[in-house]
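The values are calculated or read from the model by the stated rules, or taken from the named source; none is laboratory data. Every value quoted in this text rests on a predicted model; they were computed, and no experiment measured them. All Cβ positions, glycine included, derive from the backbone under ideal geometry; neighbour counts span all protein chains shown.
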Amino acid sequence: MNLINEGIQTTHTDSSTQYRQSQTTQTGFFHSEPEYTETVSLIGTSKSDFKNAISRVDPSVLASVSQSLRLTNPTAIVEFAENLNEEQFQFLLRLLSPIDSSNTSTTQTAISTPTNLTQEQINFYDLGFRFICPDFQSSIVSGPFFVGSQPQHFSQTISAPKRPNQKIIFQSISSTGPFFPPSLTIWCGESLLYSPNFSLNQKFLDFTPILNGRSQKLLEFTIQNESQWYCIVVRAVRKRTYKELIGDALKRRLPPSMQASVCCPVTGKVMKIPSRSTKCQHAQCFELKSAIRSNKPGTDFECPICGEKIEFNDIAVDWDMMGSVANQRVTAAYIELAANDI
């Protein structure tokens with residue numbers, strides 16, 4: 001099972017293996033696996049029938065899986081399958097078969113490991129208002145890998161070209177939401193990047209100081225048997241600047257309100273960019289830039305007034321109040337200059 005779930009494993013040694021488990025390199029089946037609907041399910045096929053059954057597999061799927069296994073050609077998968085134990089063989093059949101939620105074959109393991117992500121799960125990776133990328137697939141540096149069905153220890157050699165405002169982040173999602181495996185441990189050389197003892201209240205780990213624009217780094221992942229599967233991935237995304245975020249908010253205009261104070265209730269200062277969510281029930285605005293700064297990347301954006309979780313795209317600017325405050329500032333400056341001339 002370990003061979004199938006990790007792809008081709010290459011055992012190697014270095015100084016760190018003297019006190020930690022041996023390392024293996026995971027290529028992963030899920031890096032570029034295409035979606036397919038026409039393939040006939042091979043689940044339940046015996047090894048003796050596998051050679052004939054393989055002809056019913058979509059050629060593109062067969063080629064993708066064979067490439068992930070580093071096989072010279074798709075026909076070599078028959079010989080490869082003969083050397084697998086029964087559990088590994090059944091997992092290979094699942095990789096070559098279409099996803100079928102109604103299939104309840106007793107040969108499947110207790111944890112259902114999907115071969116792709118649903119659109120809802122992919123949306124999780126887009127992390128809201130602070131990060132942006134063209135799409136999920138193009139942002140992948142390593143992965144995605146599905147883990148948790150058994151104890152695993154594998155390594156990945158990772159590097160990413162340095163780009164402006166780029167962040168290299170590690171993310172995890174499970175069948176129940178954006179959570180990290182409870183037993184997950186991540187090492188980079190002698191540096192411990194993450195362990196079960198770490199307190200984490202955000203949706204990602206920032207690997208930028210380690211990986212961004214540096215030479216190749218070897219990351220080691222260790223995970224124990226979990227009660228559900230987890231999908232883990234390393235991505236390169238771009239952090240949006242304050243200027244970009246404020247520019248987006250300025251495109252959305254709030255209706256004028258006579259009940260709001262020009263002072264931000266959080267900072268106590270006169271607001272330069274009075275804003276609030278169009279979904280909030282209160283009329284009072286807050287200072288936009290200070291609100292952005294108070295919301296950490298990777299966490300939900302919370303209204304600083306009512307504490308509700310809001311979407312950044314729902315935040316708009318009270319242009320009438322902003323104009324009024326600007327006029328007051330200009331008038332005050334004019335009066336001060338006039339007084340100095342007396």
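Across region 191-238, which residue is modelled with the lowest pLDDT among those that are of a type in the set (Gly, Ala, Ser) and over 16 Å from residue 159 (Cα atoms)? Walk me through how you get there before you give the answer.
Just the residues of region 191-238 that are of a type in the set (Gly, Ala, Ser), to begin with: 191, 195, 199, 213, 215, 227, 236.
The next check asks that each one be over 16 Å from residue 159 (Cα atoms); those that pass are 191, 195, 199, 227.
Working: 191: 83, 195: 84, 199: 67, 227: 80.
Only one residue fits best here, namely 199.
Within the set of pairs 6+ apart or on separate chains, which have a first residue in region 228-243 that is closer than 23 Å to residue 188 by Cβ, a second that is outside any strand (DSSP E or B) and among the basic types (Lys, Arg), and C-beta atoms under 8 Å apart?
Partner pairs satisfying both residue conditions: 236/163; 238/163; 239/130.
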